Amino acid sequence: MTETLLKVSHLFKKFSDHDSYYALKGINFDLLKGECLGIIGENGSGKSTLSRIITLLETPTQGDVCFQGFSILDYNKKAKRAYYKDVQMIFQNPYASFNPLKTFGYSLKNVYHNQGYPSQKAESAALQLLERVRLDASFMKRYPHQVSGGQCQRVAIARGLAASPKLLICDEITSDLDMITKTSIVELVGELQKAYDLTVLFISHDIGLVKYLCDRILVLKNGEILEEGSVQKVFKNPQHPYTQQLIDYGL
Ligand SMILES: Nc1ncnc2c1ncn2[C@@H]1O[C@H](COP(=O)(O)OP(=O)(O)OP(=O)(O)O)[C@@H](O)[C@H]1O
Ligand SMILES: [Mg+2]
């Protein structure tokens, strides 16, 4: 039987007590261990709100998120620390997630130092990771402003992997990239998913990339899941007119 890594139940999110607007309206889904689940939906449909709740950056108004069977909302300090390592998030703008005053070498080694690696071991592990995301050793000495968007995203992915996560959340990681770079980053994520036995939540506007990479897909609109199913099934026989529209327009 396939194991559920993450279970999202009846999730609601309202940002203000003063209005009745809900960014999420009762989201339910299971993320199975080892799968790549795609979430697509137009701007403002609630994708980032969902990923921010899963990564404990926001709290839900109602509902629950369970990781490996336990509610993340009940985590104590120690459990949160372990969770921050187990669940890594990659963002749309990788530059904003690095300290501009530190080299990539520093940022990568820092993740290993936090796991107790001695200096020499952290250095070689960081170098190995760079190689894994197809960047050469010169990137150890570079600062964020000295690389392209695609290269910076590769380092961000490497830094996420340095924590040996169980779940990788990619929130629009290719939105600022050109078509060729987009494709190569998505290919890299697919390759790393297999190599590291990762579970991936891949949030994107780009229905073509989701089709290429994901096993299953959720279609989100106005904070609700309209359709859910295997990529094969949803693309072949979409049940909801909105999904058909997304496919027709390529979102
Ligand atoms: N901190 C916040 N305070 C108030 N409203 C918010 C906040 N964050 C998000 N929202 C609102 O919640 C809704 C969902 O936003 P969210 O960022 O989750 O959408 P998204 O699907 O990620 O959009 P995009 O594709 O543009 O990234 C939007 O209407 C947004 O304005
Ligand atoms: Mg978003």
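The numbers here are math on the coordinates, done by the rules we state, and not lab data. Here the structure is a predicted model, which is why all the values come from computation and not from measurement. Every residue, glycine among them, receives a Cβ derived from its backbone with ideal geometry; neighbour counts consider all protein chains shown.
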Just need the relative contact order of the range 1-103 here, percent rounded to a whole number, with Cα pairs under 8 Å and 6+ apart. 28 percent
For the chain, with +1 on Lys and Arg beta carbons and -1 on Asp and Glu, the positive-most of GLN115, THR4, CYS36 along the dipole: GLN115
Going by how many other beta carbons lie within 10 Å of each one, how would you line up ILE169, ILE72, fewest first? ILE72, ILE169
Each label sits 7 Å from Cα toward the beta-carbon; between TYR249 and GLN232 the label points are separated, in nm, by 3.0 nm
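Which order do the peptides 95-104, 145-154 come out in when sorted by mean C-beta neighbours inside 10 angstrom, highest first? Write out the running numbers ahead of the final one.
Numbers: 95-104: 15.0, 145-154: 18.4.
Per-residue mean Cβ counts within 10 Å order the peptides as 145-154, 95-104.
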Sort ARG81, ARG216 so the one with the fewest other Cβ atoms within 10 Å of its own Cβ comes first. ARG81, ARG216
Length added when fully stretched, ASP215-ASP197, from 0.36 nm per residue minus Cα-Cα: 5.1 nm
For the range 89-96, 3J(HN,Hα) per residue [Karplus equation, 6.51 cos²θ - 1.76 cosθ + 1.60, θ = phi - 60°, Hz, x = Gly/Pro]: 10, 10, 9, 4, 9, x, 4, 5
Rough spin-label spacing in nm, given labels placed 7 Å along Cα→Cβ, for ASN43 and PHE15: 1.4 nm
Considering the dipole of the range 1-143 built from charges on the beta carbon (Lys and Arg +1, Asp and Glu -1) around the Cα centre, which of PRO100, SER71, SER20 is farthest to its positive end? PRO100
